[in-house]
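Have a look at the structure below, then the notes.
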Amino acid sequence: MTNLQIFLDIATEAALAAGEVLQGYWGKLEDAIAEKGRPGDLVTVADKASEVVVLDVLRRHFPEHSILAEESGKLGNQENQYLWAIDPLDGTTNYAHQYPYFAVSIGLLINGAPQVGVIYNPFHNELFRAAAGLGATRNRRPIKVSDTSELGKSLLVTGFAYDRRETSDNNYAEFCHFTHLTQGVRRSGSAAMDLAYVACGRFDGYWERGLSPWDMAAGIIILQEAGGKVTAYDASPFKIESGRILATNGRLHESISQELMQVRPLSSWT
Ligand code: IPD
Ligand code: CA
Ligand code: CA
């Protein structure tokens, strides 16, 4: 077995265990929901409990690896070439409202590049996985991106960062622009799931700004292994620290990038 396969299997073990935790708290949060800072940026007891389980599995198997986890921050030796980026509950707002589009997302970056990814939605029992060179799967069956090549026939997805009330770079204009040009744009509320859905062809493309590495790391490798493309908005090489991603089925990449570069902020929301 290759190292990547081992990393993938351990990440899967962690995601499945964390998914069980999320299922356990489903519909039982009552008032165990708090705002982290910005309005709408929620954290719940489920986020924290899920992260504990993921950390426990990964640290037991890979004590020397570094970790970047949403609720705990940086852990371990940050000089190590292996970095686990963990979102224990991506889609917290959905989860808190019992809207079942959320996931555990675990990605492994090696020397800065996503190489292994697992995204698990326990409510729908959907497990998306990939490792570099090993392909991408949904519930252990191969997946691939859609064939859609016309923007007018596409279904896209995006999201709005928690700082949206503080900046004119809030994605509202982009949302309107693509709503006009496509069959629709969804705002589903989980970046990890959005990437997984592009990977399996349910969406044709996704863009978003204001993201963190733990939102994207797993989804990027899953999408790439499913035949998709990931870059910056202007189609230049993707940089995870920019927080800005354009992820598509490949065929639509250039046209979405060109449109994104033309959008100007809506004056009524600046
Ligand atoms: C959020 C979700 C959402 C995206 C936000 C993220 P969280 O993560 O991925 O879709 O629009 O920017 O912060 O807070 O639910 O882990
Ligand atoms: Ca997230
Ligand atoms: Ca989260």
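In region 64-120, the qualifying residues are those that are more than 14 Å from the chain's Cα centre (by Cα) and near ligand 3 (Cβ under 10 Å from one of its atoms), and the one that is surrounded by the fewest Cβ atoms within 10 Å (Cβ to Cβ) is T93. At least 3 residues being more than 20 Å from I119 (Cβ to Cβ) is the threshold, and among the strands (runs of 3 or more DSSP E) wholly inside region 1-92 those reaching it are 33-35, 73-75. Consider Q81 carefully, then state whether it is modelled with pLDDT of 95 or more, under 11 Å from A218 (Cα atoms) and not hydrophobic (A, V, I, L, M, F, W, C). No: the conditions fail for Q81. So for region 123-139 (the condition being within 16 Å of ligand 3 (Cβ to nearest atom) and either outside the structural domain of L16 (by TED's automatic domain parsing) or assigned to a loop (DSSP other than H, G, I, E, B) (or both)), does at least one residue qualify? Yes, region 123-139 has at least one match. Residue-level analysis places E254 among those that are more than 16 Å from ligand 2 (Cβ to nearest atom), over 26 Å from A69 (Cβ atoms) and among the acidic types (D, E). In region 224-232 there is at least one residue matching the filter, namely being touching a helix residue (DSSP H, G or I) at 6+ places or on another chain (Cβ under 9 Å), at pLDDT 95 or above and of a type in the set (S, T, Y). P100: away from ligand 2 (no atom under 12 Å from the Cβ) and either over 21 Å from F7 (Cα atoms) or not in a helix (DSSP H, G or I) (or both), yes or no? Against the criterion (away from ligand 2 (no atom under 12 Å from the Cβ) and either over 21 Å from F7 (Cα atoms) or not in a helix (DSSP H, G or I) (or both)), P100 qualifies. Considering region 36-68, the residues that are touching a strand residue (DSSP E or B) at 6+ places or on another chain (Cβ under 9 Å) and of a type in the set (V, I, T) include one that is nearest to A14 (Cα to Cα), namely V54.
Cβ separations smaller than 7 Å between residues 6+ apart or across chains give no pair from region 152-173 residues that are of a type in the set (D, E) to residues that are open to solvent by less than 10 Å² (accessible area, probe 1.4 Å).
Annotation: of all residues in region 2-15 being open to solvent by 30 Å² or more (accessible area, probe 1.4 Å) and among the aliphatic types (A, V, I, L, M), the one that is nearest to the chain's Cα centre (by Cα) is L4. Inspection of region 160-181 finds no residue satisfying the criterion of being open to solvent by 30 Å² or more (accessible area, probe 1.4 Å), within 22 Å of R141 (Cβ to Cβ) and in a loop (DSSP other than H, G, I, E, B). State all residues of region 16-35 that are touching a Leu at 6+ places or on another chain (Cβ under 7 Å) and surrounded by 14 or more Cβ atoms within 10 Å (Cβ to Cβ); if no residue qualifies, say none. Of everything in region 16-35, those that are touching a Leu at 6+ places or on another chain (Cβ under 7 Å) and surrounded by 14 or more Cβ atoms within 10 Å (Cβ to Cβ) turn out to be L22, I33.
The values are calculated or read from the model by the stated rules, or taken from the named source; none is laboratory data. All figures in this text were calculated on a predicted structure; none of them were measured in a lab. Quick reminder, even Gly has a Cβ in these numbers, built from the backbone with ideal geometry, and neighbours come from all protein chains shown. Ligands, DNA and RNA are stripped out before the accessible areas are found, and what is left, the full protein with its side chains, is counted by its heavy atoms. Shrake-Rupley method; radii C 1.70, N 1.55, O 1.52, S 1.80 Å.
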